[in-house]
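The values are calculated or read from the model by the stated rules, or taken from the named source; none is laboratory data. Keep in mind that what you see is a predicted model, and the values were worked out from it rather than measured. Neighbour counts run over all protein chains shown; Cβ positions are idealised from the backbone, glycine included.
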Amino acid sequence: MIYQLKKLQTELVKPIRTAAGTLKRTLSSLPDKQLRKPQVSSALGLLDIFARVTREIKKPAFNITKTIIESQEYAVAEEIALARPFGNLLHFKVQGMKKRRPKVLIMAPISGHFATLLRDTVKRMLADHDVYITDWISANMVPLNLGTFGLDEYNSYIISFLQKMGPGAHVMAVCQPVVQGLAVCAIMSEANDPCTPASVILMGGPVDPRKNPTMVNRFAESFSIEWFKNNLIQIVPAGFPGVGRRVYPGFIQIMAFISMNPHKHFDAHTQYLIDCIEKNDKGQIKHREFYDEYLTPMDMDADFFIETVDKVFKKYEFARGTMKYKGKLIDPKKITKTALLTVEGERDDISALGQTYAAHDLCSNIPKKNKRSFVQPGVGHYGVFSGSKWRGIIAPVITEFICKHDKSC
């Protein structure tokens, strides 16, 4: 019912959005002297916020068309290297690049946002690597006859993506999929798969949520798995290709995210209005870029959401050594040849310090010389994979680690 109400709300607000858009255009056409008045600037800011918050949700584009490599500009083309119902292996192909560069698969989270949330991550990695990413599809767009998508299917997708990329690739799991990134390495290592990753980089994710629990972890523990099923899972209504599919809707996920730090988002929008009044273009652009992405959610298949909450956040199966793939235990001790790097943010309030580092203890058979941990001071969760410290400090650490374990470097 909630999903239907949300769809109805979107339809009902359209005329208001149209009127607000007309008013915004009218105010924007006023003479500069009038536009400089605080009441006009703040009105324009409020109208802009309303338009962005109530807009129809559409999958964003990466819009990465060029990159700079060794002081030379190259064109970049997106191509689907492997298409699957719930997500594609997307390749950012650098046109005219003949030099072999380390292949990196960026594992984007399925946790409310599209893979474009990692746009800044991709842009920076392109300077040094041959970049691929898991480009997940909102579950409301996947027809019901194409089956469901749980943790086993997720792992199978990643294995097929790595096999498509070929031997010697590196995996970079950001946030939620650090468990699956490490699990896939263990599965492929035990199977002696020639496409087992050369290295795995785990960034700000819940390998062991028992370490330094956050509000996210406490929320998962506060309710029974039946509560999550009964209160958060919805049926996709008519009007979407995935009609009838059970999903955890993206708009509910966004409300949950915001409710964890409401003051932070209130302050951000207040600052945006101040930037509008003071004509701080840089601040306005930064706000728009972040919230245009942040407020564009995607639906998650119910099986994946429930299994993740139950197995990762409630039962701690991977950390306890009880997680299975197709009925067989996943053993991180089987990882012997894949190098391991963990990256954490000092102020991460989603996956706090220690949760990602736990991978080092679990992967006890990786030689110490092939392990490294890195903590970035002064950054929160998003600062681990975006922003100036990501670009200037964290990315070079990752590149150095990858090259140390790549034959092309």
*Six or more apart or on different chains, Cβ under 9 Å: which pairs go from a residue in the stretch 113-142 that's under 16 Å from Arg101 (Cβ atoms) to one that's aromatic (Phe, Trp, Tyr) and in a strand (DSSP E or B)? Could you list them?*
Val122/Phe92; Met125/Phe92; Leu126/Tyr74; Leu126/Phe92; Asp130/Phe92; Val131/Phe92; Tyr132/Phe92; Ile133/Phe92
*Going through the stretch 326-359 one residue at a time, which ones are of a type in the set (Lys, Arg) and either more than 13 Å from Asn212 (Cα to Cα) or surrounded by 16 or more Cβ atoms within 10 Å (Cβ to Cβ) (or both)?*
Lys326, Lys328, Lys333, Lys334, Lys337
*Could you check how many residues of the stretch 153-178 are farther than 13 Å from Leu89 by Cα and touching a Lys or Arg at 6+ places or on another chain (Cβ under 6 Å)?*
1
*Only one residue in Ile366, Ile402 is assigned to a helix (DSSP H, G or I), modelled with pLDDT of 95 or more and at negative phi. Which one?*
Ile402
*Which ones in the stretch 138-168 are crowded, with 23+ Cβ neighbours inside 10 Å and of a type in the set (Val, Ile, Thr)?*
Val142, Ile158
_Residue tally, condition in a helix (DSSP H, G or I) and either of a type in the set (Lys, Arg) or out of contact with any strand residue (DSSP E or B) (no Cβ under 7 Å at 6 or more places or on another chain) (or both), over the stretch 89-145_ = 9
*Looking at (1) β-branched (Val, Ile, Thr); (2) over 19 Å from the mean Cα position of the chain (by Cα); (3) not in a loop (DSSP other than H, G, I, E, B), can you tell me which one Thr342 breaks?*
(2)
*asked:* Consider the stretch 313-333. How many of its residues are in a strand (DSSP E or B) and without any contact (Cβ under 8 Å) to a residue 40 or more places away in the chain?
replied: 3
_Test of understanding: among Asp361, Asp310, which residue is farther than 23 Å from Asp152 by Cβ, part of a helix (DSSP H, G or I) and assigned by TED's automatic domain parsing to the domain that holds Ala186?_
Asp361
*Any residue in the stretch 193-204 that is assigned to a loop (DSSP other than H, G, I, E, B), surrounded by 15 or more Cβ atoms within 10 Å (Cβ to Cβ) and modelled with pLDDT under 95?*
no
*When Arg210 is evaluated against the numbered criteria (1) closer than 23 Å to Ser351 by Cβ; (2) free of Cβ contacts under 8 Å to residues at least 12 places away in the same chain; (3) of a type outside the set (Val, Ile, Thr); (4) part of a loop (DSSP other than H, G, I, E, B), which criterion, by number, is the only one it fails?*
(2)
*Among the candidates Ser408, Ser373, Ser351, Ser388, single out the residue that is of a type in the set (Gly, Ala, Ser) and in contact with a Lys or Arg (Cβ under 9 Å, 6 or more places away or on another chain).*
Ser408
*Across the stretch 220-236, what is the total count of residues that are touching a residue at least 24 places away in the same chain (Cβ under 8 Å) and in a helix (DSSP H, G or I)?*
6
*Check off (1) aliphatic (A, V, I, L, M); (2) buried (at least 23 other Cβ atoms within 10 Å of the Cβ); (3) in contact with a Cys (Cβ under 8 Å, 6 or more places away or on another chain) for Met125 and give me the number that stays unchecked.*
(3)
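Residues checked against (1) touching a Gly at 6+ places or on another chain (Cβ under 7 Å); (2) at pLDDT 95 or above; (3) not assigned by TED's automatic domain parsing to the domain that holds Val309; (4) not aliphatic (A, V, I, L, M):
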{"position": "Ala81", "(1), (2), (3), (4)": "no, yes, no, no"}
{"position": "Leu90", "(1), (2), (3), (4)": "no, yes, no, no"}
{"position": "Gly96", "(1), (2), (3), (4)": "no, no, no, yes"}
{"position": "Lys99", "(1), (2), (3), (4)": "no, no, no, yes"}
{"position": "Pro102", "(1), (2), (3), (4)": "no, yes, no, yes"}
{"position": "Met107", "(1), (2), (3), (4)": "yes, yes, no, no"}
{"position": "Ile110", "(1), (2), (3), (4)": "no, no, no, no"}
*Inside the stretch 366-392, can you point out the residues that are surrounded by fewer than 14 Cβ atoms within 10 Å (Cβ to Cβ) and in contact with an Asp or Glu (Cβ under 8 Å, 6 or more places away or on another chain)?*
Pro377, Gly378
